[in-house]
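The values are calculated or read from the model by the stated rules, or taken from the named source; none is laboratory data. From a predicted model like this one, the values you see are computed outputs, not experimental measurements. Please note: Cβ atoms are built from the backbone with ideal geometry, for glycine as well, and neighbour counts cover all protein chains shown.
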């Protein structure tokens, strides 16, 4: 009866996973693609990039001449100056209109406009690389969450198999106890072990559910219900990872977005200094204007009648062309301060670039060392599992003939389960770290080379 209840409990615990398997099964590539399309941080960075595009476009439009127009209608009462005749009126109400248009073109301003365009070009490139960096971070987080599901799934399966073996041993031990071959204490010890393994199984199943939820949240899915991933059959190579930290770094520093972004920001800072220096240069500009006016007080002296509106607009028309030069002499030391700050900005950008390269190299070293360690740990655990399996079979046989206590049997079984768990953890740690190293070399995150088994 206990066994039937236990089996029913397992079915209930595993029912969410059974339901998941009936829905769409996601590959790693599909998970990454979906996350990149729906992640909020990426969308925000895309907006920042569009801001940079607008700034660059405006800096180019600033090279065009300005053109502005104006119009006004005015009432004057009492003594007032008539702008069309330059005469004062006395105790009259005068209506007047004025119309004007003017244009101005900067001919030279120390190349400030051109350097501003180049600055925004590099800032746009840096923003695009920042966006690529966000995408890479999300991709790595998705891959880590994906592999965490695979690890938890394997731990659940391993523990479930051990629980089933323990249940079988309970049945055998009960028969031996009933036959008088073993003491009842052995049965009680094994039943207690079964209870502990059930608790461990439930804990691992909860961790599996949480890992599914974590990945679903990275994908911006409303929930993890009906969500399942493809489970690859992973076989680790017998040789160590190809390459070394130095060779990987030589490739990575040329293609990694964080390095490229820091380089572009340094270029932008250098052009910011050129812009600041342009503030010392004289500024030469060309201007043109066209204007006209109307006043109901202006009179044709030959007929002593007021001019009509359109005639006045024609005879009052005026045009002007001119050049102007502005020579900076003293402006509160503002130009020198900006030049000083721009130089500090360049120095800071150089440090940022150096720090980015060093951090990249450290990350590569760490991932490489972790991968090497995980590989060694995996093969050591693999040998340990083989030894523990043999020891467990021997302990089981001795227990069945009364030559071993239940406590020693449980110890052997626990050691086997721990070795299997360590082997699984080492395997997936190696897979993730090598994927990180591949990513630094510009190889996309994929599991296509591994046969995929839907679970």
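Can you tell me which condition residue 69 does not meet? The list is (1) exposed (fewer than 13 other Cβ atoms within 10 Å of the Cβ); (2) farther than 30 Å from residue 93 by Cα, and all the others hold.
(2)
Between 289, 295, which is at pLDDT below 90 and closer than 18 Å to residue 71 by Cβ?
After ruling out the rest, the residue left standing is 295.
Just a yes or no: is a residue in segment 326-335 in a helix (DSSP H, G or I), farther than 30 Å from residue 289 by Cα and assigned by TED's automatic domain parsing to the domain that holds residue 434?
yes
Only one of 198, 178, 164, 154 is within 28 Å of residue 422 (Cα to Cα), without any contact (Cβ under 8 Å) to a residue 60 or more places away in the chain and more than 26 Å from the chain's Cα centre (by Cα); which?
So the residue among 198, 178, 164, 154 that is within 28 Å of residue 422 (Cα to Cα), without any contact (Cβ under 8 Å) to a residue 60 or more places away in the chain and more than 26 Å from the chain's Cα centre (by Cα) is 164.
Using beta carbons and a limit of 6 Å, which pairs, at least six apart or on different chains, have the first residue in segment 95-123 and under 23 Å from residue 52 (Cα atoms) and the second one modelled with pLDDT under 95 and outside any helix (DSSP H, G or I)?
Cβ pairs passing all conditions: 113/62; 113/63.
Can you say whether residue 94 is surrounded by 18 or more Cβ atoms within 10 Å (Cβ to Cβ), on the phi < 0 side of the Ramachandran plot and part of a strand (DSSP E or B), as far as the supplied structure shows?
yes
Which one of the conditions (1) closer than 20 Å to residue 428 by Cβ; (2) touching a helix residue (DSSP H, G or I) at 6+ places or on another chain (Cβ under 7 Å); (3) surrounded by fewer than 18 Cβ atoms within 10 Å (Cβ to Cβ); (4) at pLDDT 90 or above does residue 202 fail to meet, given that it meets all the rest?
Among (1) closer than 20 Å to residue 428 by Cβ; (2) touching a helix residue (DSSP H, G or I) at 6+ places or on another chain (Cβ under 7 Å); (3) surrounded by fewer than 18 Cβ atoms within 10 Å (Cβ to Cβ); (4) at pLDDT 90 or above, the lone unmet condition for residue 202 is (1).
Across segment 154-166, what is the number of residues that are within 18 Å of residue 430 (Cβ to Cβ) and modelled with pLDDT of 90 or more?
Looking only at that region, the number is 1.
Going by the conditions given, is residue 280 surrounded by fewer than 17 Cβ atoms within 10 Å (Cβ to Cβ) and within 29 Å of residue 121 (Cα to Cα)?
Taking the combined requirement at face value, the residue satisfies it.
Would segment 366-388 turn up any residue that is part of a helix (DSSP H, G or I), exposed (fewer than 14 other Cβ atoms within 10 Å of the Cβ) and at pLDDT 95 or above?
Checking segment 366-388: not a single residue is part of a helix (DSSP H, G or I), exposed (fewer than 14 other Cβ atoms within 10 Å of the Cβ) and at pLDDT 95 or above.
Let's see how each residue does on (1) modelled with pLDDT under 85; (2) in contact with a helix residue (DSSP H, G or I) (Cβ under 8 Å, 6 or more places away or on another chain); (3) crowded, with 19+ Cβ neighbours inside 10 Å:
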position: 364; (1), (2), (3): no, yes, yes
position: 390; (1), (2), (3): no, no, no
position: 399; (1), (2), (3): yes, yes, yes
position: 403; (1), (2), (3): yes, no, no
position: 427; (1), (2), (3): no, yes, yes
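Determine whether segment 43-58 contains at least one residue that is surrounded by fewer than 18 Cβ atoms within 10 Å (Cβ to Cβ) and assigned to a strand (DSSP E or B).
Taking every residue of segment 43-58 in turn, none turns out to be surrounded by fewer than 18 Cβ atoms within 10 Å (Cβ to Cβ) and assigned to a strand (DSSP E or B).
Got a sec? Which of 117, 138, 149 is over 27 Å from residue 437 (Cβ atoms), modelled with pLDDT of 90 or more and touching a helix residue (DSSP H, G or I) at 6+ places or on another chain (Cβ under 9 Å)?
Just a single option satisfies the conditions, and that option is 117.
Out of segment 292-325, which residues are in contact (Cβ under 8 Å) with a residue 12 or more places away in the chain and assigned to a strand (DSSP E or B)?
292, 293, 294, 295, 318, 319, 320, 321, 322, 323, 324, 325 - these are the residues of segment 292-325 that are in contact (Cβ under 8 Å) with a residue 12 or more places away in the chain and assigned to a strand (DSSP E or B).
Yes or no, residue by residue, for (1) in a helix (DSSP H, G or I); (2) out of contact with any strand residue (DSSP E or B) (no Cβ under 7 Å at 6 or more places or on another chain):
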{"position": "216", "(1), (2)": "yes, yes"}
{"position": "226", "(1), (2)": "no, yes"}
{"position": "231", "(1), (2)": "no, no"}
{"position": "246", "(1), (2)": "yes, yes"}
{"position": "251", "(1), (2)": "yes, yes"}
{"position": "266", "(1), (2)": "yes, yes"}
{"position": "289", "(1), (2)": "no, no"}
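With the structure loaded, tell me whether residue 228 is out of contact with any helix residue (DSSP H, G or I) (no Cβ under 6 Å at 6 or more places or on another chain), surrounded by 15 or more Cβ atoms within 10 Å (Cβ to Cβ) and either modelled with pLDDT of 85 or more or not assigned by TED's automatic domain parsing to the domain that holds residue 364 (or both) or whether it fails that test.
no
All but one of (1) buried (at least 19 other Cβ atoms within 10 Å of the Cβ); (2) more than 30 Å from residue 437 (Cβ to Cβ); (3) touching a helix residue (DSSP H, G or I) at 6+ places or on another chain (Cβ under 6 Å) hold for residue 156; state the number of the condition that does not hold.
(2) is the only condition that residue 156 fails.
Across segment 176-197, which residue is farthest from residue 388 (Cα to Cα) among those that are out of contact with any helix residue (DSSP H, G or I) (no Cβ under 7 Å at 6 or more places or on another chain) and at pLDDT 85 or above?
Among those that are out of contact with any helix residue (DSSP H, G or I) (no Cβ under 7 Å at 6 or more places or on another chain) and at pLDDT 85 or above, it is 188.
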